[in-house]
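Comments concern the structure below.
Just so it is clear, none of the values below were taken in a lab; they were calculated from the coordinates. Everything numeric here is computed off the predicted structure, so don't read it as measured data. When we count neighbours, we look across all protein chains shown, and the Cβ atoms used for this are built from the backbone with ideal geometry, even at glycine.
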Amino acid sequence: MYVEVSRSGGAAVKDLENLRELAVRAGGGLVEQDVAHALAAAGLGTVDAGYAWLEMEQLRAGGAAQPPQWAEGFDGMISFAKSRGWLSDDGGSVRAHIDYRE
């Protein structure tokens, strides 16, 4: 699963079936401020200290049309992130790296 940030300033969750990856992909010369603005505008999260903090409920909502076992896989991905210390203090956001692509 990843969040794609486009040059037009949009942000959307993609590749929902892949629960072994969580990242933000920003292309076309975007910088951190562009990513922060796009995530905030889409209600998907924020950027702090070079990382994206993605709203877990928004990510979960994106999988609403997925098969029932998807929710178990999503919970497993979040559990792994928690074991690595990648959840926010309030437990509502998960940290993801930002992949700046050409």
Can you confirm whether Leu30 is within 23 Å of Asp89 (Cα to Cα) and either assigned to a strand (DSSP E or B) or touching a residue at least 24 places away in the same chain (Cβ under 8 Å) (or both)?
no
Residue check, Ala61 part of a helix (DSSP H, G or I), free of Cβ contacts under 8 Å to residues at least 40 places away in the same chain, closer than 16 Å to Tyr2 by Cα and among the small types (Gly, Ala, Ser)
yes
